[in-house]
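The values are calculated or read from the model by the stated rules, or taken from the named source; none is laboratory data. A quick note: this is a predicted structure, and the numbers were derived from the prediction, not measured. Cβ placement follows ideal geometry from the backbone for every residue including glycine, while neighbour counts extend to all protein chains displayed. Heavy atoms of the whole protein, side chains included, go into the accessibility calculation; ligands, DNA and RNA do not. Shrake-Rupley method; radii C 1.70, N 1.55, O 1.52, S 1.80 Å.
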Amino acid sequence: MEIKKVGVVGCGLMGAGIAQVCAQSGYQTVVSEINDELLNKGLALINSVLTKNVDKGKISQQDKETTLSHLKGTTNTQDFSDCDLMIEAVIENMDLKKRIFADLDKICPKHTILSTNTSCLSIIDMAMVTSRPDKVLGLHFFNPVPVFMLVEIVRTIATSDESLETGKSFSRSLGKEIVIAQDTPGFIVNRLLIPYVLNAIRMLEAGIATREDIDTSIHLGLNHPMGPLTLLDFVGLDTVFFVANAMYEEFKDPMYAPPPLLRKMVTAGWFGRKSGKGFYEYK
């Protein structure tokens, strides 16, 4: 199936990034938020990123203007009524996602593929509130979306071959590399990442090494771009806490259980870069 128009539900950090790359790739793109304030904030973020790319010489002013001409913001979900592909990018709340999928199922044409950007929740649960579970899949982007080249395409037990192939072709058209994962908590990346970063927290908790030495060991010893504690601050400790809890609930494996220090930091509002404090402080 040919994708001509894309809808994105949610214009936060992830939704804005997804909408931007879709518009930059030539798709007519509609992105929604629950109110004008949040919508304008998300659209301003897209404009800011594009402006910086012009200033750095990565794109031309004409490229920026063309991208923005492909983009429409809305607070009315009826504007999704002629979309060929929907990408849900709201917070990781299953009840909310189910409500969105049920609404989209009523609004969108029968051919429309409904996808979610969830990083850990069960996609088949979302699919089964629709009349088209064969047309539901995961398109998991990584933050920041315009920079990170990977999309995890997640196939449920009900996803059709045609829907999967459309998801693959679409993701590649955005200039992304793709991997195919099954509908299991954490998919590929987070299933490997979460135990790794949680063990770094446990090591810090146990006093085995300082935060700086843990990060330096991985950065220089394994040639990673950043150490695990710096990475946690970048991703968001609240996000990692949520994902780890969801995976632990599914698998009951202690390696996914959030360490006490992580829980305390999230309770204190120390989410990392976005809050100004995590394992490190940010101005």
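Condition first: farther than 26 Å from T130 by Cβ and crowded, with 21+ Cβ neighbours inside 10 Å. Can you find one or more residues in region 28-41 that meet it? Lay out the reasoning, then the answer.
The first filter runs over region 28-41 and keeps only residues farther than 26 Å from T130 by Cβ, leaving 36-37, 40-41.
Narrowing further to those that are crowded, with 21+ Cβ neighbours inside 10 Å: none.
So far as region 28-41 goes, no, none of its residues is farther than 26 Å from T130 by Cβ and crowded, with 21+ Cβ neighbours inside 10 Å.
With the requirement that a residue be open to solvent by 30 Å² or more (accessible area, probe 1.4 Å), closer than 25 Å to T51 by Cβ and part of a loop (DSSP other than H, G, I, E, B), what does region 140-178 give you?
F142, N143, P144, P146, V147, F148, M149, G175
Hey, can you tell me all the residues within region 206-222 that are loosely packed, with under 14 Cβ neighbours inside 10 Å and aliphatic (A, V, I, L, M)?
The answer is A206, I208, L220, L222.
Please pick out the residue among P254, P225 that is surrounded by fewer than 22 Cβ atoms within 10 Å (Cβ to Cβ) and under 18 Å from L204 (Cα atoms). Even if it seems obvious, please write down each step before you answer.
On the way: P225 fails: under 18 Å from L204 (Cα atoms).
Of P254, P225, the one residue that is surrounded by fewer than 22 Cβ atoms within 10 Å (Cβ to Cβ) and under 18 Å from L204 (Cα atoms) is P254.
Looking only at helices (runs of 4 or more DSSP H) that fall completely inside region 1-112, which ones have 2 or more residues that are under 19 Å from the mean Cα position of the chain (by Cα)?
On the way: elements: 13-24, 36-55, 61-69, 94-107.
Fully inside region 1-112 and qualifying: 13-24, 36-55, 94-107.
Of all residues being open to solvent by 30 Å² or more (accessible area, probe 1.4 Å) and either of a type in the set (A, V, I, L, M, F, W, C) or outside any helix (DSSP H, G or I) (or both) in region 233-250, which is farthest from A200 (Cα to Cα)? Just the residue, please.
Taking region 233-250 as the starting set, the residues that turn out to be open to solvent by 30 Å² or more (accessible area, probe 1.4 Å) are 234-235, 238-239, 241-242, 245, 248-250.
Of the ones still in play, those that are also either of a type in the set (A, V, I, L, M, F, W, C) or outside any helix (DSSP H, G or I) (or both) are 234-235, 241-242.
Numbers: F234: 15, V235: 15, F241: 14, F242: 17 Å.
Going through the qualifying residues, I end up with F242.
Keeping to region 251-271, report how many residues are assigned to a helix (DSSP H, G or I) and either under 20 Å from the mean Cα position of the chain (by Cα) or at pLDDT 95 or above (or both).
Of the residues in region 251-271, the ones assigned to a helix (DSSP H, G or I) are 251, 254-256, 260-267.
Then keep just the ones that are either under 20 Å from the mean Cα position of the chain (by Cα) or at pLDDT 95 or above (or both); that gives 254-256, 260-267.
Going through region 251-271 one residue at a time, the tally reaches 11.
Let's see how each residue does on (1) farther than 23 Å from N117 by Cα; (2) free of Cβ contacts under 8 Å to residues at least 40 places away in the same chain; (3) not hydroxyl-bearing (S, T, Y):
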residue: L231; (1), (2), (3): no, yes, yes
residue: V235; (1), (2), (3): no, no, yes
residue: F241; (1), (2), (3): no, yes, yes
residue: D253; (1), (2), (3): yes, yes, yes
residue: Y256; (1), (2), (3): no, no, no
residue: A268; (1), (2), (3): yes, yes, yes
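Take the residues in region 7-23 that are over 19 Å from G167 (Cβ atoms) and in contact with an Asp or Glu (Cβ under 9 Å, 6 or more places away or on another chain), then tell me which one is surrounded by the fewest Cβ atoms within 10 Å (Cβ to Cβ).
G12
Consider Y280 against the criteria (1) closer than 30 Å to M128 by Cβ; (2) hydroxyl-bearing (S, T, Y); (3) open to solvent by 30 Å² or more (accessible area, probe 1.4 Å): it satisfies all of them except one. Which criterion is unmet?
The one condition Y280 does not meet is (1).
Under the condition of being in a loop (DSSP other than H, G, I, E, B) and either among the aliphatic types (A, V, I, L, M) or in contact (Cβ under 8 Å) with a residue 24 or more places away in the chain (or both), which residue from region 272-283 is farthest from D238 (Cα to Cα)? Talk me through it step by step, then tell me what you get.
Taking region 272-283 and keeping what is in a loop (DSSP other than H, G, I, E, B), we get 276, 278-280, 282-283.
Imposing the further condition that a residue be either among the aliphatic types (A, V, I, L, M) or in contact (Cβ under 8 Å) with a residue 24 or more places away in the chain (or both) reduces the set to 278-280, 282.
Details: G278: 10, F279: 13, Y280: 15, Y282: 16 Å.
Applying the filter and picking the extreme gives Y282.
Look through region 66-111, keep the residues that are of a type in the set (V, I, T) and more than 30 Å from V54 (Cβ to Cβ), and return whichever of them is surrounded by the fewest Cβ atoms within 10 Å (Cβ to Cβ).
Of the residues in region 66-111, the ones of a type in the set (V, I, T) are 66-67, 74-75, 77, 87, 90-91, 100, 107.
If we keep only those that are more than 30 Å from V54 (Cβ to Cβ) as well, we get 77, 91, 100, 107.
Numbers: T77: 18, I91: 12, I100: 22, I107: 17.
That would be I91.
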